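Student: Handing you a structure now.
Every number here is computed from the coordinates shown, using simple stated rules; none is lab data. Model, not experiment: these values are computed from the prediction. Glycine gets a Cβ as well: all are built from the backbone with ideal geometry, and neighbour counts include every protein chain shown.
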Amino acid sequence: MKLTHRKAKNAFTLVETVIAMGIITIMLTGFLAAFAPAVKGIKNSIGAKEANRLATTLEQELASLRPNETSQYDNAFEKAYEWIQDSHNSGDSILIYQYKGDTNGSANSDGSLPAYTGNDGIPGRDYIIQSVARKQTDTLVSSELQPGVVQGRVFVARLTQMIYDQSNGGLIVSSNPTQIVDPYTGSAASDAASYPEAVIALQMEVFILPNSLYAYVRNFEIADVITNNRTGNTYPRATGPTIFTRNMAVRR
């Protein structure tokens, strides 16, 4: 009987390997071309989502009067008036951040959840993440800006009234940020009650603090500013330029 010997199949040749690599390269290039814009869009949407969270947190705080603030302000509008006027002053900075709130603890005097100080815990059962806007001098800041309690970065909001431009129309940022004025005439209002309009238009500037812990935040001075010689804009020395601005309004 004559035996037939089959030749073993040879490995890929160099030419075949080069062709295969070329095909893979083309496929990867097409994949990246299709999905890279989507990835960039995701990053941008995350940034927009966080910006919206910060603005919403501040708007809600300015529109509400907490239980422990009733002796300090007559209403939420007066609170917003004072917060806007004082936000450029060191010691009166407005902080926006997130912290772990203890779902099993007694509520703070302002109605918020106390800081969760446990080493572990189950989200939703033992603690929930709270987003708050607080004055730098708020006594609760010290417990909420502790390691393991504060979540993510601490932001600073600087608020400036917007007034009507008598020359060109429209709204412009007031050149006197520490005083609320009649938006039409520029006459200073002595307090919230004497402010002649029902709405205060304002611009919110947001900065990022380089450190999120209370030991640093308590000494932050928002009035220690640097001026951009090209634009004339100012920003706190410790934070660098604003990361975004948002126009908003508070109503009586």
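Student: Tell me the GluC sites (Glu not before Pro) within region 165-245 that lie in a loop according to DSSP and have at most 14 other beta-carbon atoms within 10 Å.
Tutor: 197, 221
Student: Continuing with the same structure: Just to verify a number: FRET efficiency for residue 48 and residue 172, C-beta to C-beta distance, R0 = 22 Å, to 0.05?
Tutor: Efficiency, rounded to the nearest 0.05: 0.30.
Student: Could you work out, for region 89-207, what percent of all Cα-Cα pairs fall into each 5 Å distance bin, beginning at 0 Å and stopping at the bin that holds the largest distance?
Tutor: That works out to 2, 10, 17, 16, 12, 11, 10, 9, 7, 4, 2, 0, in percent per bin.
Student: Starting with the fewest neighbours, write out 132, 173 ranked by other beta-carbon atoms found within 10 Å of each beta-carbon.
Tutor: 173, 132
Student: How high is the FRET efficiency between residue 90 and residue 126 when r is their beta carbon distance and R₀ equals 45 Å, given to the nearest 0.05?
Tutor: Computed FRET efficiency for residue 90 and residue 126: 0.80.
Student: Apply 1/(1 + (r/R0)^6) to the Cβ-Cβ distance of residue 64 and residue 237, taking R0 = 35 Å, and write down the FRET efficiency to the nearest 0.05.
Tutor: FRET efficiency, residue 64 to residue 237: 0.65.
Student: Report, in whole Å, the centroid distance computed from the Cα atoms of region 108-146 and region 173-252.
Tutor: Taking the Cα centre of region 173-252 as reference, the centre of region 108-146 is 26 Å away.
Student: Give the residues of region 177-219 whose amide nitrogen is closer than 11 Å to a point set 7 Å from the Cα of residue 74 in the direction of its Cβ.
Tutor: Residues 191-195 qualify, since their backbone N sits under 11 Å from the label point.
Student: Separation between the residue 137 and residue 106 pseudo-spin-labels, each 7 Å from Cα along Cα→Cβ, expressed in nm?
Tutor: So the label points at residue 137 and residue 106 sit 2.6 nm apart.
Student: Now for a different question. What list of ³J(HN,Hα) couplings, whole Hz, do you get for region 103-120 from phi and the Karplus terms 6.51, -1.76, 1.60, once you set θ to phi - 60° and write x for glycine and proline?
Tutor: 6, 9, x, 6, 4, 5, 5, 8, x, 7, 6, x, 5, 8, 10, x, 6, 9
Student: Still on this structure: Residue separation times 0.36 nm, minus the C-alpha to C-alpha distance between residue 213 and residue 228: what's the value?
Tutor: Full extension of this stretch gives 2.6 nm more.
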